[in-house]
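**Student:** One structure is given below, represented as structure tokens, and several questions about it will come after.
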Amino acid sequence: MKDPCIRELLRETELKNYVLDSQTKIVEELSLPVANARIDMAIINGAFHGFEIKSASDTLKRLSTQIEAYSKVFDYLSIVTEDKFSSKILDSVPEWIGIYLCKEVDGVRSMTQIRTSLKNENREGVYIAKLLWRDELIECLERYNVPFRKKDRNWLLCSALANSLDVNTLSSIVRCKLKNRVNWKEE
């Protein structure tokens with residue numbers, strides 16, 4: 001299957017309830033603040049769940065660096081793949097990462113969960129804070145009375161926010177900001 005077919009299948013099956021949920025935002029191709037990484041699909045609601053697609057036409061060359069980047073941000077992570085890569089992925093990725101296997105046989109597409117994702121304990125607040133735009137960062141810093149200088153660079157603002165809030169609180173704040181965004185492309 002090609003990537004667009006896998007995305008469609010993912011939306012029709014595993015993400016079906018989220019697509020219709022007004023409290024959930026699904027973002028495709030979400031850019032992450034680590035190593036120029038981008039996750040194929042991000043589910044933003046009471047948790048931050050990333051889905052990376054590795055179709056049979058992909059390679060796994062970047063997978064280890066992608067997982068390193070995703071691990072800094074997502075509460076949960078799942079990889080959606082096909083038979084070609086399923087064994088290799090199952091053997092090589094950390095056990096907290098979920099794995100889905102998709103197939104197409106005689107025109108019938110299916111998706112099966114072969115490993116459930118578990119809560120990621122490796123998130124880093126500074127990278128979660130980097131998902132915020134500058135105005136959102138400043139708003140959060142002011143709201144939580146975190147000292148900062150408006151002329152500071154964004155990474156300093158992110159660091160100040162991350163050092164002042166625990167990772168769960170910060171993640172919750174960031175998810176709320178992302179869900180409420182109207183425009184995902186900052187000009």
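The values are calculated or read from the model by the stated rules, or taken from the named source; none is laboratory data. All values derive from a computational prediction rather than experimental measurement. Here the Cβ is made from the backbone with ideal geometry for all residues, glycine too, and neighbour counts use every protein chain on show. Keep in mind that these areas ignore ligands, DNA and RNA; they rest on the heavy atoms of the full protein, side chains included. Shrake-Rupley method; radii C 1.70, N 1.55, O 1.52, S 1.80 Å.
**Student:** Would you work out what percent of the accessible area of region 112-157, with all protein chains in place, is carbon or sulfur (probe 1.4 Å)?
**Tutor:** C and S atoms contribute 47 percent here.
**Student:** Still on this structure, please answer the following. Counting Lys and Arg as +1 and Asp and Glu as -1, what is the net charge of the other residues whose Cβ lies under 15 Å from the Cβ of Ala160? The partial results should precede the final answer.
**Tutor:** On the way: positive: Lys130, Arg134, Arg143, Arg149, Lys150, Lys151, Arg153; negative: Glu124, Glu136, Glu139, Glu142, Asp152, Asp166.
Around Ala160, the charge tally is +1.
**Student:** I would also like to ask the following. What distance in nm lies between label points placed 7 Å from Cα along the C-beta direction at Asp166 and Thr112?
**Tutor:** So the two model labels end up 4.0 nm from each other.
**Student:** While we're here: To the nearest 10 degrees, how steep is helix 154-164 against the longest Cα principal axis of the chain, on a 0 to 90 scale?
**Tutor:** Taking Cα atoms only, the helix is inclined about 90 degrees.
**Student:** Per DSSP H run of n ≥ 4, the term is -39500 (n - 2.57); total these for the chain, divide by its residue number, and report the mean residue ellipticity at 222 nm rounded to 500 deg cm²/dmol. Please report the intermediate quantities before stating the final value.
**Tutor:** On the way: 8 runs with 73 residues, N = 187.
Rounded to the nearest 500, it is -11000 deg cm²/dmol.
**Student:** Can I ask one more? Between Asn180 and Ala56, 0.36 nm times their residue separation minus their Cα-Cα distance comes to what?
**Tutor:** This chain segment gains 41.1 nm when fully extended.
**Student:** Still on this model: Before I look further, what does region 101-187 give for accessible area per residue, probe 1.4 Å, in whole square angstrom?
**Tutor:** On the way: 5520 Å² over 87 residues.
Roughly 63 Å² per residue, with all protein chains present.
**Student:** I've got another one for you. If each residue of separation counts as 0.36 nm, what is the full-extension length gain between Lys150 and Asn122 once their alpha-carbon separation is subtracted?
**Tutor:** Value of the extension gain: 7.1 nm.
**Student:** A follow-up question, please. Local charge sum around Leu32 (other residues, Cβ-Cβ under 9 Å, Lys/Arg +1, Asp/Glu -1)? Show your work: numbers first, answer last.
**Tutor:** Numbers: positive: Arg38, Lys72, Lys130; negative: none.
For residues surrounding Leu32, the net value is +3.
**Student:** Answer rounded, prolate or oblate for region 140-187, using the Cα gyration tensor with square roots of eigenvalues a ≥ b ≥ c: rounded when a/c is under 1.5, else prolate when a/b is larger than b/c, else oblate.
**Tutor:** It is oblate, given that a/c is not under 1.5 and a/b is not larger than b/c.
**Student:** How much accessible area per residue does region 11-92 have, counting only protein heavy atoms and a probe of 1.4 Å, in square angstrom?
**Tutor:** On the way: 3940 Å² over 82 residues.
Heavy-atom SASA per residue in region 11-92 reads 48 Å².
**Student:** Does anyone have the angle between helix 3-12 and the longest principal axis of the chain? Alpha-carbon axes, 0 to 90°, nearest 10?
**Tutor:** With rounding to tens, the tilt is 80 degrees.
**Student:** As I understand it, the value is the acute angle between the Cα axis of helix 83-92 and the longest principal axis of the Cα atoms of the chain; what does it come to in degrees, rounded to 10?
**Tutor:** In the chain, helix 83-92 runs at an angle near 50 degrees to the longest axis.
**Student:** Just name one of Val93, Ile138, Asn120: the one whose Cα is farthest towards the positive end of the charge dipole of the chain (beta-carbon charges, Lys/Arg +1, Asp/Glu -1).
**Tutor:** Result: Ile138.
**Student:** Ignoring ligands and nucleic acids, what accessible area does Phe85 show with a 1.4 Å probe (Å², nearest 10)?
**Tutor:** Approximately 20 Å² for this residue.
**Student:** Where the only charges are on Cβ atoms (+1 Lys, Arg; -1 Asp, Glu), what is the dipole of the chain about its Cα centre, to the nearest 20 debye? Working shown, then result.
**Tutor:** Working: 29 positive and 28 negative charges, 101 e Å.
About 480 debye.
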